[in-house]
Amino acid sequence: RGMAAAALLLLLLVAGPGPRRAGAGRERRDALREELLLSPLPTGDVAATFQFRTRWDADLQQGAVSHYRLFPKALGRLVAALGVRELHLALTQGFWRTRFWGQPPLQAPAGAELWVWFQPTVTDVDKAWKELSNILSGIFCASLNFIDSTNTVTPTASFKPLGLANGTDHHLLRYAVLPREVVCTENLTPWKKLLPCGSKAGLAVLLKAERLFHSSYHSQAVHIRPVCRDASCLAVSWELRQTLTVVFDVFSSGQGKKDWSLFKMFSRTLTDACPLASQSKVYVDISPKNKEKELLEVTPPPTSVHEAVVQGDKKTYAVYDLLSPSLFNTSRSLNVQLKWKRPQDSSEMPIPVLHAQRYVGGYGLQTGEICTLIYNTHPYRAFPVILLETVPWYLRLYVHTLTIITKGKENKPSYIHYQPAQDRRRPHLLEMLIQLPANSVTKITIQFERALLKWTEYPPDPNHGFYVGSSVLSALVPSVIAMKDVDMEQSPLFTSLFPSSDGSSYFVRLYTEPLLVNLPTPDFSMPYNVICLTCTVVAVCYGSFYNLLTRTFHVEEPSRGGLAKRLANVIRKFRGVPPL
């Protein structure tokens, strides 16, 4: 019996690992890539962009997936249950200053932004949209449950699918913005929990909330889309990108210097890569700002140097591969340091080809005007831009006052789509395709009238004002430098999120500032005064009157005296003296 048991154990040890390795080969259909891009900005600040890409060779729409390894189960089941084709969620605190910081890798508006493409099999898109926003609100601890019909629109041209799409029926698209949403640590914590390694290993160890929110700009996003599995595109894979962009400025950091390092920015250094990641790299933008020698030097020496044309500009990156054995030979941690060789002149700041600004004009609390300025600084190329405006219903737009002026002349849009608002039901939606001449400024103005809300519709701080979401600019910007086909595996990941259609242009999506508009506000202190006065009148007048009506009066008869008095009167009677 002992020999039989030993033989059976030997057989299991020999035959067991074979099927497990085969099964592991079949199940390992997902991969994780993580990267950190450090970009010195022209103003002396530094932008740090984290990106974690999880790619899974599975069909989530069939609902046959039961085992999740790297892809978050909460998001996978959400995509399968609600028929989501693409999902893009961004939570942003601050505003990206394109005029001074340049084109961002991935920009988002202030507050919360959510836009989703649904599958054609979804019958009730509005119901799925409402359920999706409520579930995401619970996952990310955000106020996405406040998304309803009053702030949801269906764009027709601005937001096209970024992944595979059989059709572009815009009725399957929903877009909403909550410009008043405040982003804090309760939103960052669930975002980090979706990472395969959490915040315990890899680049995610730098995500220290105390440092991330001590900055002038912070944006975290989640992008889910279907992509081609290979070059033949016969099968579909699902891609999850978790991005986080933060800008550290000289004044908020308290340094007073323009020299930076990982420890100064995040109070931590890198010790290893995520064990589940197939690629883990740190990119540092060391591109020269002019034709002279480089202004920036990095230490320690990078593993390699990579050159690519990104957003119409030639970039040079110093690459640190965390999976390289030679990187951690000299020291146990990696602390990338950025030092300026000479002070940077403010006149050397490059001006982006496309940027915009937005403000509210007019006077008084009855009428106003929304003004948008779009700048095309390209010296000789004109290009079209799609402008998306979403205005709340309580700002009643006068479409006949819409004017577009470029170089002193009227600029008629080649395409315009306007959906009027309905009070307390849906907002205004205005989309226009405008041609921007070379080296020009286009001014777009439209007048509005402020509505008077019901007293129950005002927020707790009505005098603070009401927020209007950012305008969205989408354009194919012509490139000054010819763009060649580059190796996407070597370039930063954000270059493949908006791939270039050809070598002469690149896609850009920009957001303007959110607006803060004051509405006619009643004096909310009057109810308090009325309540105090009413209570006083009730207590004094009605109380006295009620007291008089309900009080009972009794007449007291004079008492005859006590026993001593009666005895004294008897004695006085015998004596012939008048009684008392």
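The values are calculated or read from the model by the stated rules, or taken from the named source; none is laboratory data. From a predicted model like this one, the values you see are computed outputs, not experimental measurements. Ideal geometry is used to build each Cβ from the backbone, glycine not excepted, and the neighbour counts take in all protein chains shown. Just so you know, the surface numbers come from the protein's heavy atoms only, side chains and all, with ligands and any DNA or RNA stripped out. Shrake-Rupley method; radii C 1.70, N 1.55, O 1.52, S 1.80 Å.
Looking across the range 501-516 at every residue that is in contact with a Ser or Thr (Cβ under 8 Å, 6 or more places away or on another chain) and assigned to a loop (DSSP other than H, G, I, E, B), the one that is modelled with the lowest pLDDT is identified as GLY503. Can you find a residue that is in contact with an Asp or Glu (Cβ under 6 Å, 6 or more places away or on another chain) and either modelled with pLDDT under 95 or not small (Gly, Ala, Ser) (or both) anywhere in the range 400-417? For the range 400-417, residues in contact with an Asp or Glu (Cβ under 6 Å, 6 or more places away or on another chain) and either modelled with pLDDT under 95 or not small (Gly, Ala, Ser) (or both): present. For the range 427-456, the candidate set comprises residues that are more than 19 Å from LEU515 (Cβ to Cβ) and not in a loop (DSSP other than H, G, I, E, B); within that set, the residue that is most open to solvent (accessible area, probe 1.4 Å) is TRP455. Scanning the range 122-137 turns up at least one residue that is touching a Gly at 6+ places or on another chain (Cβ under 8 Å) and open to solvent by less than 20 Å² (accessible area, probe 1.4 Å).
Close Cβ contacts (under 8 Å, 6 or more residues apart or on different chains) running from residues in the range 132-151 that are farther than 17 Å from LYS192 by Cβ to residues that are among the basic types (Lys, Arg) and open to solvent by 40 Å² or more (accessible area, probe 1.4 Å) comprise ILE147/LYS130; ASP148/LYS130; SER149/ARG425; SER149/ARG426; THR150/ARG424; THR150/ARG425; THR150/ARG426. Out of ARG396, ARG424, one residue alone is charged (D, E, K, R), under 26 Å from the mean Cα position of the chain (by Cα) and open to solvent by 40 Å² or more (accessible area, probe 1.4 Å). It is ARG424. Does LYS264 meet the test of being of a type in the set (D, E, K, R), at pLDDT below 85 and not in a strand (DSSP E or B)? Against the criterion (of a type in the set (D, E, K, R), at pLDDT below 85 and not in a strand (DSSP E or B)), LYS264 does not qualify.
Give me a count of the residues in the range 278-289 that are modelled with pLDDT under 85 and either among the basic types (Lys, Arg) or open to solvent by 50 Å² or more (accessible area, probe 1.4 Å) (or both). The qualifying residues number 2.
Could you check the range 53-112 and list, in sequence order, the residues that are at positive phi, more than 16 Å from the chain's Cα centre (by Cα) and open to solvent by less than 40 Å² (accessible area, probe 1.4 Å)?
GLY83, GLY102
The number of residues in the range 378-429 that are on the phi > 0 side of the Ramachandran plot and in contact with a Ser or Thr (Cβ under 8 Å, 6 or more places away or on another chain) comes to 2.
With respect to (1) assigned to a helix (DSSP H, G or I); (2) farther than 30 Å from ASP249 by Cα, the lone exception for PHE100 is condition (2).
The rows are residues; the columns are (1) open to solvent by 100 Å² or more (accessible area, probe 1.4 Å); (2) outside any helix (DSSP H, G or I); (3) assigned by the TED database to the domain that holds THR456.
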site: TYR528; (1), (2), (3): yes, no, no
site: CYS532; (1), (2), (3): no, no, no
site: VAL538; (1), (2), (3): no, no, no
site: PHE545; (1), (2), (3): yes, no, no
site: VAL555; (1), (2), (3): yes, yes, no
site: ARG566; (1), (2), (3): yes, no, no
site: PHE574; (1), (2), (3): yes, no, no
site: LEU580; (1), (2), (3): yes, yes, no
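Take the residues of the range 502-526 that are β-branched (Val, Ile, Thr) and within 30 Å of GLY312 (Cα to Cα): which is surrounded by the most Cβ atoms within 10 Å (Cβ to Cβ)?
So the residue we want is THR512.
Inside the range 324-341, can you point out the residues that are open to solvent by 80 Å² or more (accessible area, probe 1.4 Å) and in contact (Cβ under 8 Å) with a residue 40 or more places away in the chain?
Correct list: ARG332, LYS339, LYS341.
Of the residues contained in the range 143-154, none is found to be exposed (fewer than 15 other Cβ atoms within 10 Å of the Cβ) and of a type in the set (A, V, I, L, M, F, W, C). Before we move on, is SER491 at pLDDT below 90 and either within 18 Å of ARG358 (Cα to Cα) or surrounded by 10 or more Cβ atoms within 10 Å (Cβ to Cβ) (or both)? Yes, satisfied. Checked against (1) farther than 30 Å from PRO179 by Cβ; (2) in contact with a Phe, Trp or Tyr (Cβ under 7 Å, 6 or more places away or on another chain); (3) modelled with pLDDT under 80, PRO478 meets all criteria but (3). When the criteria are applied in full, ALA157 fails the requirement of being in contact (Cβ under 8 Å) with a residue 24 or more places away in the chain, over 30 Å from ASP57 (Cβ atoms) and buried (at least 22 other Cβ atoms within 10 Å of the Cβ). When restricted to residues that are among the hydrophobic types (A, V, I, L, M, F, W, C), over 17 Å from PHE507 (Cβ atoms) and either at pLDDT 90 or above or surrounded by 20 or more Cβ atoms within 10 Å (Cβ to Cβ) (or both), the range 362-381 contains 3. Scanning the range 407-421 for residues that are part of a strand (DSSP E or B) and surrounded by 12 or more Cβ atoms within 10 Å (Cβ to Cβ) yields a total of 5. Within the set of pairs 6 or more residues apart or between chains, which connect a residue that is free of Cβ contacts under 8 Å to residues at least 24 places away in the same chain and over 16 Å from GLY138 (Cβ atoms) inside the range 187-211 to a residue that is open to solvent by 30 Å² or more (accessible area, probe 1.4 Å) and in a helix (DSSP H, G or I) with Cβ atoms less than 8 Å apart? Final answer for the pair search is GLY198/LYS192; SER199/LYS192.
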